[in-house]
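First up is the structure itself, then whatever we jot down about it.
The values are calculated or read from the model by the stated rules, or taken from the named source; none is laboratory data. Being a predicted model, the structure only gives us computed values, none of them experimental. FYI the Cβ positions are ideal-geometry reconstructions off the backbone, even for glycines, and counts take in every protein chain you see. Remember, those area values only see protein heavy atoms, side chains included, never the ligands or the DNA or RNA. Shrake-Rupley method; radii C 1.70, N 1.55, O 1.52, S 1.80 Å.
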Amino acid sequence: MATYRIRHCEQLSGECSIHAAKNAVLPILCAALMTKEPVTIERVPQLTDVDTLLEILAECGAGISRNGDELTLWTDEPHSPSSENLLSRMRASVLVMGPLLARTGYARVALPGGCAIGQRPIDLHIKGMQALGAQAQLTPGSVTLEGELRGGNVYLDFPSVGATENIILAACLARGSTRIENAAKEPEIIDLCSCLNDMGAKISGGGTGTIFIEGRTSLHGCTYRPIPDRIEAGTILCAAAMTEGSVLVRGIRPDHMRAVLFKLMETGVTLRESAAGLRVSGRGTNPIQVRTLAYPGFPTDMQAPMMALALKLRGTSVFLETVFENRFMHAREMARLGANIRIEDRIALVTGGRTLAGAAVSSTDLRGGAAMMLAGLAAEGETLLQDPQGHIARGYADLPAMLRSLGADVAVTDLPDISIHG
Ligand code: UD1
C-alpha cells in the first residue's frame, strides 16, 4: 500500500519542471485508435492512469511500443474491450467509445469508474453519439452503441470535458459535418483537436463554445507532444505559497491557468513570469473566495490543493464547488490535522491560520490525496498519508520527488496498513 511520510516544512525553494498533462495525454492516447498508422506521443508521464489506459487500448486491438517517455500506438483492427474490470477502474476509459464506434460502427463499453467525487453519468456522451446516428442500448453496467455515423448537431446541457472529447473523436470519421454547441473550452480540448488535425482531421473552433468537425474517410499517423499539466503546476504553486520561499516552475503555460494564478495573487504571494517559467515568492496570507466552474473558470481539480493553501491563510476562505457534488472528502482528513472547516452542502468555509499537528490521514481521491500531501507540509511534526488505492500516482508523476527537489521531506514508506478510522 502506498503510504507517504510527510514532515513539516517552513520553506520550499529551488526549481522544478512540469510534466505533460494527464488530461491531455489520456484522450490523445484514445485518438490513436482512430487510424491504422502509427501515432507517436512524446513526453508521456509515468502515471498509473496511463498504464491502465494502455492496457485498455491493447484490449481494443492497439499495438504499443515504448521508447523512454515516448509511446507509439497503431491499431489495424480495433474492437471493443472484453474486460469490464479494467474500464471500471478509470473514468477516461469511456473515451474509447467514440473512436471504436467511428471506426467499426460498434462499441460496447463498461460504465466507467474513477474517483468517487460525484455521480459522473455518461448521458451526454451517449446523447452525442445518438445525435450522430448511433443506436444506444443500456444494460446494467455497460452501454452498447451501433450504427454508421453521420454528422449532426449536438447541444451539450453542460460543457462536459469528456463528452466534448468523445463526440469530437467520433465526428472526425462520421460522414458529413458536425457542430457541437456549449462545448467544453479546456486547453486539453484544444490539444486533442490539434493532435487530431495533425492526423488529418478537420476541426475548427476548439477552445470555444462551438466546435465544427468535417468528417474524413480516414486519418493518418503523426507525432505529437501534449501540453504541460496545469493541475500539477497549480499544485506545486500552492505548495510553494503555503511555505515561505521562492520556487521557479519551468515548462508551465500560465495562459492555461489564469483563474488559479489570480487566486494565488489574491493570497498575497508574488508571481513573476519570465522566459524560464513562473516564479512564486513569499507566503500567502489573505483568505480567498473560490468558485469552481468549467474553463476558463476556476478548475474543480484545483479546489482541493487550494484548500490546503487556505489552511495557512489568515481568516476564513470560502469554497463553492459547482462541478462535482461530492468533492469535499479531503476536508474530513484535513480536520484530523486540526483544520477548522465547516461544510454546508456545496460550500466549505475554511478558517486558516491555526496550528496543525501531524496525524495519520487518508487519500480520498486523486486531487484530495495531493492536497493532503500539501496539508502534511503545513502540519507540525509528521503526517502519515495512506493511499491504499494509489490515487496520487494515478495523476502525479512522482509528486513526492518534485516536493523533495524543492526541499520538502516527503518519503514513500513501506508501512503496513494501519487503521486510522475509529
Ligand atoms: C474531466 C477531467 C477531470 C476534471 C473534469 C472537470 C479528464 C480525464 N478528467 O473529467 O480531471 O475534474 O473534467 O473539469 O479529462 N456530466 C454529466 N453527464 C455526462 C458527463 C458529465 O452529467 O455525460 C457531469 C459530471 O457528473 C460533472 C460535470 O458534468 O458533474 C463535469 O464532468 P466532465 O466535464 O464530463 O468531467 P470528466 O470529463 O469526467
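Can you report the number of residues in segment 324-341 which are crowded, with 21+ Cβ neighbours inside 10 Å and within 16 Å of the ligand (Cβ to nearest atom)?
3
Please state which of the following conditions L384 fails to meet, knowing it meets all the rest: (1) closer than 15 Å to P287 by Cβ; (2) over 21 Å from the mean Cα position of the chain (by Cα).
With (1) closer than 15 Å to P287 by Cβ; (2) over 21 Å from the mean Cα position of the chain (by Cα) applied to L384, the lone miss is (1).
Residues in segment 144-158 that are open to solvent by less than 30 Å² (accessible area, probe 1.4 Å) and farther than 22 Å from A32 by Cα: how many?
3
May I ask you to verify whether A348 is assigned to a strand (DSSP E or B), within 25 Å of F158 (Cβ to Cβ), in contact (Cβ under 8 Å) with a residue 40 or more places away in the chain and assigned by TED's automatic domain parsing to the domain that holds L237?
When the stated conditions are applied, A348 passes them.
Pick out the one residue from T223, T208, T243 that is farther than 20 Å from G98 by Cα and either free of Cβ contacts under 8 Å to residues at least 40 places away in the same chain or within 14 Å of the ligand (Cβ to nearest atom) (or both).
T208
Of everything in segment 60-83 that's outside any loop (DSSP other than H, G, I, E, B) and open to solvent by 20 Å² or more (accessible area, probe 1.4 Å), which residue is nearest to A102 (Cα to Cα)?
W74
With T52, T40 as the choices, which residue is β-branched (V, I, T), surrounded by fewer than 24 Cβ atoms within 10 Å (Cβ to Cβ) and modelled with pLDDT under 95?
Result: T52 is the single residue among T52, T40 that is β-branched (V, I, T), surrounded by fewer than 24 Cβ atoms within 10 Å (Cβ to Cβ) and modelled with pLDDT under 95.
From the residues in segment 142-166 that are of a type in the set (D, E) and near the ligand (Cβ under 9 Å from one of its atoms), which one is farthest from V96 (Cα to Cα)?
Among those residues, the one meeting the criterion is D157.
Pairs, please: C-beta under 8 Å, at least 6 apart or cross-chain, first residue acidic (D, E) and in segment 156-177, second part of a strand (DSSP E or B)?
The qualifying pairs do not exist here.
Picking from L86, L57, which residue would you name as being in a helix (DSSP H, G or I), away from the ligand (no atom under 13 Å from the Cβ) and open to solvent by less than 10 Å² (accessible area, probe 1.4 Å)?
Of L86, L57, the one residue that is in a helix (DSSP H, G or I), away from the ligand (no atom under 13 Å from the Cβ) and open to solvent by less than 10 Å² (accessible area, probe 1.4 Å) is L57.
I'm trying to understand the selection: among the residues of segment 167-193, which are touching a Pro at 6+ places or on another chain (Cβ under 9 Å) and more than 16 Å from the ligand (Cβ to nearest atom)?
C172, L173
Any idea which of R103, R108 is open to solvent by 10 Å² or more (accessible area, probe 1.4 Å), assigned to a strand (DSSP E or B) and either touching a residue at least 12 places away in the same chain (Cβ under 8 Å) or within 16 Å of the ligand (Cβ to nearest atom) (or both)?
R108
If a residue must be outside any loop (DSSP other than H, G, I, E, B) and either more than 15 Å from the ligand (Cβ to nearest atom) or not assigned by TED's automatic domain parsing to the domain that holds M34 (or both), how many such residues does segment 116-141 contain?
The qualifying residues number 3.
Can you name the condition, by its number, that R91 falls short on among (1) open to solvent by 10 Å² or more (accessible area, probe 1.4 Å); (2) at pLDDT 90 or above?
(2)
Restricting to segment 342-366, what's the tally of residues that are over 20 Å from A2 (Cβ atoms) and either within 16 Å of the ligand (Cβ to nearest atom) or crowded, with 21+ Cβ neighbours inside 10 Å (or both)?
6
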